[in-house]
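What follows is calculated from the coordinates using simple rules that are stated; it is not laboratory data. Here the structure is a predicted model, which is why all the values come from computation and not from measurement. Glycine also receives a Cβ, built like all others from the backbone with ideal geometry; neighbour counts cover every protein chain displayed.
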Amino acid sequence: MTTQALHPSVSPQEPPRLTGMSEAVLAEVAARLAEVVAGASVPPIDLTAMPLTSEDRADLEQRLGRGEVFATVESAGRSQIWETQFSGVWFVRHFGENDRIASECIEFGAAPEILFSHRADMSAAARRLAAALQSADAREKTDH
Amino acid sequence: MPQAPKLAPTLGELLQERGVSRRAFLKYASYLSAVMALPAGSASALAEGLANARRQSVIWLSFQECTGCTESLTRSFSPTLESLIFDLISLDYHHTLQAASGEAAEKAREAAMAENKGKYVVVVDGAVPTKDGGLYSTIAGVSNLDMLKATAKDAMAVIAVGTCAAFGGIPKARPNPTGAAAIDEIITDKPIINIPGCPPIPEAMAGVVSYLVSFVKLPELDHLRRPKAFFGETIHDRCYRRPFYERGLFAEGFDDAGARQGWCLYKVGCKGPVTYNACATLKWNGGVSFPIQSGHGCLGCSEPDFWDQGGFYRPLSTNLRDMGPALAGAALAGAALGAGAAWASRRHQESYQREQNPNEGDKK
Amino acid sequence: MTAKTTASGVPYDAQGDMADKDRRDAAMKGFVREFGAVAAAHLEACVRCGMCAEACHFYVATGEPAYTPINKLQPFEQAYHRHAGPFAPIYRLFGVVPSVTLEKLEEWERLIFDACTLCGRCTLACPMGIDIAELIKKARHGMFKAGLIPDRLQLMDRTARAWGSPATPADDFADIVREVGEEHGVDIKVDRERADYLVTVAPAELTEHTKALADAAKIFNKAGLDWTYHSEGFEASNIGYLNGDTELQEKMTRKIIDCAVKIGAHTLVLPECGHAYGAARWEAARWYNDKLPVRVIHMTEFLQEVVASGKIKVKPVGQTASFHDPCQLVRRGGVMNAPRDVMAALGLEMRELENNRALTWCCGGGGGVVSNTRADPIRYKAFELKKREVEAAGADRFVTACGQCRITLDLGAKHTKWDRKIENLLELVADNLAD
Amino acid sequence: MTLLEFARGPALQVAMIIFVLGATWRFFGALLLPWRLAPAEPRKGALSPIAAAFKGVVVKMWPHKPFQKAGMFTFVNGYILHFGLAIVVFLFAPHILFIKGLTGLSWPALPNNLVYTVGVVTMASLVAGLVHRLRSPVLRLISRFDDYLSWLLTLLPVLTGLLAAAHLGARYETLLAVHILSICTFLIWFPFGKLMHAFMFVFSRAMTGVRMGQRGAEL
């Protein structure tokens, strides 16, 4: 799976592929990271609808690089999340059907929101786990 | 927010039962906020809104149309992310999709209307014939016109899906034999959202419904009642072939060297510069491509009267009418008037001449 | 004939006792007759760029915007649009272009007569090729018909109509000429029944510069040509041409040309006069509906001919000289090299003025302006332009080939106490004939 | 009917009809007046009337030396304006397509970015021209309503065209419609004001060329 799928090449002679957009995005990333360090909470940068060429995307991804964390989330399709080589800068990529990239953004902070477990899910899980234990107990009892 | 009294479970609870985590909401929300260009950071708010919302009752009316809009919507709804849309709504009436038929179907519509009075959303695809009392299209003996009026009466909002519903579309194209009209020409006292396109982009339909469900308000609309999120920019603005336009590199035909090199399609009639839609960014068929990428100019299908804009293959800058004969006539008339004016002037001069020199006859 | 002024204080003269409306109508009718295709093409092409201002000696000398050549045409132009242009009926119907008022015509008299010498320098400057000088000449036709010309010019007009010359009655011509011949000891031919050359004269030659009559005779005799002056056609200056009196212009033109035909002349020689050349050489054919029955040349062209053909020989003068190009002869007449050829034959080393040949500055007195005393102040200012250039050229002698220019320059020199002699080419040749 | 449809449809049609009708009317109305050409014998060696007419048209393209100093701004700015307009009008791809749609004639276009630059220069030249007109006492005196209106109606299409190209101020189709409407006003005014010099200057120059050419005089 590459980002190329989003921007299939129509011709061997498209206009200059590196448009300078990646440079602009990187500058924005730097600015937001500085704000985060100063204690602010900053919104993510959404790459989905940006007029980036596939070269721009590759350039951006390559220059942000890979850091220490890589995660895959399986929920309503697959998602890939990794911390870039710059701590606090996260690359979040959601896939739709057929492994198509559905949305893509750069998030800032300790970890992207999607990695945290939601309180509602946790309480549901607690209930489920309790119920599962109860039924196991019951089975054990009947077994005796 | 229409909080139903304790009855129905929230969407969050509903999906919880099916093992769908809140991460799915968050993911869907971040996807939606991306395509709808919602303010950065609104994804979690949207996710919370969705999770706490009740299922929205939707009545889908199909009038003078080709079912292309429904096809478009359903084609995109294969499992995973976008399938959530069907979990968000309770599609209480839809010719093509509902199992019930005949009287049972009409009963379902009436029941939904009664149960959710003032809260249901009416989605319309197709234009409404208004000529001769609207007899050109009826369902179960009721004219489209009457059914629309009756159904919209107690609706919270009306969504006109597709160019036919939004602007009259092809049924309204000259000479418009059925007197086809757009929804907002008939319903004037309800909030109306137009999602034009022939067909509209599925994400636009899904996005608007989701927005409505979670925020219970209309998204920001343009002067044609189109959500700015999807119709805020032209195809041309976001077209990957735009650099060719600026550099003056144009395909002159569909099979020339320029076309093969992917040059701008302006000269072969692309209406991208005046067409507001998200095709160039969201694309079609799961992001595979869109018309310009496939080598054909934009037809401008999400714009009013796109069928009557002088031809799909005539460049945008050409005038709409054949002016040759009119201009030739004008040139002839101008020459005649000029000759007449000169003749009158000459006569003036001659009469002055005679007045001044009554004895001289033939001098110029 | 008392001087009148318009409400805005502009002096003007008016002749005859027409009612205001009749006077205005007469001007309009006079204008309308002039609007042929050529005038129309010119009037339709102006873009109001103002380039003509910088070409006009009166504007440049005074800095007065009203002297911008195209501005002098305003009533004429307005009349065109209201009475003759392609949209005239519509403009009249809806009052888009108002009628030209008498007041406006009176105000413009000064600009059309006093402040224009018809020198045509503006024509050369116009990027649209509008012949402004020609249009002003046409405008004068209407002004004359309305009796709106300076009294001084009107006076000359009446004299010319009565005498056939503004200088002297035709009856006296032969006597004057004979006297001059005796005075200078030259055999002057006059009133011969047949001759190859009919030689004509300018008013100044009958009054201040009579020597010129003898000079011409000397040269014709020396060249051994068959020539004569003639009482029936002697006056080449054409006051009708300057005043806008077409009737008189025709009369004056016919007099000399018909006389030339009558005596069987093949060539009509015009005197050293600028506008005589314009009238007889370039406009006379108007009245003959075809090419003229006789060859018409200027004295300067004649001098060139006889010098080049060797019919006369001249002694070298051996000095430096500047030449003032008379507008009607050079810029508007196309006689550019003849005077220079003759001066070269005289061994004069040319010190050209900064603006020479077609681009010369007008003397400031052409088009009747020198006779129109009302224009004296601006004429003297315009003279300064010429004076400056002559001084800058620094030549020994200052020569011209037009009696009118010479008078204007003399007046200017006198007015500014400028110690320069202005000479005529004819005289220079006559004084330096080799034996 | 949207504004753009109105502009591209009836407005443009009416404007072009008025333009053609008015221009031919004025053209013939002026040139079918009596031709009084002086039949004088031309100077020996003078140019033929056709050559003189041609010379008249060409010679007037640049001022004689004595007029260059005072007229340099007018000439240079005039050339910038006219070349700018010509480039913008005739070498911009959408315009060529418009002309092709009308006449079937077509030729290569310049890159749009270059045309935009020329458009900006043309605008600057128009503004400079107006400033010059307002500052010169001569020009103030001889200028009329026509001069200012023609200036404005020439400026507007350039301005709206640039705005449309830059998508500034409104939606593109509104800008395009306004651009076309501004061209409509230009076309409608063209036959009635000094813009007509675009056709008449040839005849004016040629006629003076013939008159002076016959005399062997300079133009």
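In chain B, what cysteines have no partner Cβ closer than 4.7 Å?
B:C66, B:C69, B:C164, B:C239, B:C264, B:C270, B:C279, B:C298
As an exercise, use a Förster radius of 22 Å and the Cβ-Cβ distance of B:D308 and B:D237 to find the FRET efficiency, rounded to the nearest 0.05. All intermediate terms of the calculation are to be shown ahead of the outcome.
On the way: r = 24 Å, r/R0 = 1.09.
In this case the efficiency is close to 0.35.
With no other cysteine's Cβ closer than 4.7 Å, which Cys residues of chain C count as lacking a disulfide-compatible partner?
When partners are defined as cysteine Cβ atoms under 4.7 Å apart, chain C leaves C:C46, C:C49, C:C56, C:C116, C:C126, C:C259, C:C273 without one.
Put a dot 7 Å past each Cα toward the Cβ at C:E182 and B:K119; how far apart are the dots in nm?
It works out to 13.7 nm between the two label points.
Once the other residues with Cβ under 10 Å from the Cβ of B:D87 are scored (Lys, Arg +1; Asp, Glu -1), what is the net sum?
Numbers: positive: B:R18, B:R55; negative: none.
With Lys, Arg at +1 and Asp, Glu at -1, the net is +2.
Among all the aspartates and glutamates, which ones have a C-alpha under 17 Å from B:K149's C-alpha, if same-chain residues fewer than 8 places away are not counted?
Within the straight-line limit of under 17 Å, B:K149 reaches these aspartates and glutamates: B:E106, B:E110, B:D125, B:D132, B:D184, B:E185, B:D189.
Averaged over B:18-25, how many beta carbons belonging to a partner chain fall within 10 Å of each residue's beta carbon? Don't skip to the end; give the middle numbers.
On the way: counts 0, 3, 3, 10, 10, 12, 6, 5.
For this peptide, the per-residue mean of nearby foreign Cβ atoms is 6.
Arranged by the count of other C-beta atoms within 10 angstrom, fewest first, what order do D:V57, C:V199, A:V92 take?
By the 10 Å Cβ count, ascending, the order reads D:V57, A:V92, C:V199.
Can you give the net charge of the other residues whose Cβ lies under 15 Å from the Cβ of C:T101, counting K and R as +1 and D and E as -1?
-3
Residues of the range C:196-218 with backbone nitrogen within less than 15 Å of a virtual label 7 Å along the Cα-to-Cβ line of C:K262, please, listed as ranges.
C:198-200
Select from B:C279, A:Q134, C:W361 the residue farthest towards the positive end of the dipole of the protein assembly as shown; place +1 on Cβ of Lys and Arg, -1 on Cβ of Asp and Glu, and compute about the Cα centre.
C:W361
Only sites in a loop by DSSP and with at most 16 other Cβ atoms within 10 Å count here; which chymotrypsin sites (Phe, Trp or Tyr not before Pro) in the range B:195-262 make the cut?
Here the sparse-neighbourhood loop sites are B:F254.
To the nearest 20 Debye, how big is the dipole of the protein assembly as shown about its Cα centre, given +1 on the beta carbon of each Lys and Arg and -1 on that of each Asp and Glu?
With Lys and Arg at +1 and Asp and Glu at -1, about 960 debye.
Find how many whole Å separate the alpha carbon centroid of the range A:85-112 from the alpha carbon centroid of the range B:184-239.
Between the Cα centres of the range B:184-239 and the range A:85-112 lies a distance of 27 Å.
Determine, from the Cβ-Cβ distance of D:S48 and B:R260 and an R0 of 41 Å, the FRET efficiency 1/(1 + (r/R0)^6), rounded to the nearest 0.05.
After rounding, the FRET efficiency stands at 0.15.
Counting partner chain Cβ atoms within 10 Å of every residue's Cβ in B:262-270, what's the average?
Partner-chain Cβ atoms within 10 Å, mean over residues of B:262-270: 3.
Taking R0 as 51 Å, what's the FRET efficiency between A:S135 and B:K153 from their Cβ-Cβ distance, rounded to 0.05? Write down the numbers at each step before the final one.
Details: r = 51 Å, r/R0 = 1.01.
Efficiency at R0 = 51 Å is approximately 0.50.
If amide hydrogens are placed 1.01 Å from N in the peptide plane, which non-local residues have theirs closer than 5 Å to the one on B:N194?
Under 5 Å from the amide H of B:N194 lie the amide H atoms of B:A160, B:R226, each far enough along the sequence or on another chain.
Is there a quick way to get the dipole size of the range C:256-312? I mean about its Cα centre, with the Cβ of Lys and Arg at +1 and of Asp and Glu at -1; what is the value in debye to the nearest 20?
Numbers: 6 positive and 6 negative charges, 25 e Å.
Magnitude of the dipole: close to 120 debye.
Considering amide H positions built from the backbone, and no H for Pro or chain starts, which residues 5 or more places from C:N424, or on another chain, come under 5 Å of its amide H?
Amide H neighbours of C:N424: C:T400.
Subtract the Cα-Cα distance of C:N337 and C:M18 from 0.36 nm times their separation in residues, and report this length gain in nm to one decimal.
That pair, C:N337 and C:M18, stretches by 110.0 nm at full extension.
Using a 10 Å cut-off on Cβ to Cβ distances, tally the other chain neighbours for every residue of D:59-68 and report the average as a whole number.
5
How large is ³J(HN,Hα) for each residue in the range C:65-76, as worked out from phi by the Karplus curve 6.51 cos²θ - 1.76 cosθ + 1.60 (θ = phi - 60°), to whole Hz, x for Gly and Pro?
Taking θ as phi minus 60°, the curve returns x, 4, 7, 4, x, 5, 5, 5, 8, 3, x, 5 Hz for the range C:65-76.
Say the dipole of the protein assembly as shown comes from +1 at the beta carbon of Lys and Arg and -1 at that of Asp and Glu; which of D:V210, C:F144, D:T122 then lies farthest toward its positive end?
Working it through, the farthest residue towards the positive pole turns out to be C:F144.
Evaluate the charge dipole of the range B:235-308 about its Cα centre and quote only its size in Debye, nearest 20, assuming +1 on the Cβ of each Lys and Arg and -1 on the Cβ of each Asp and Glu.
320 debye
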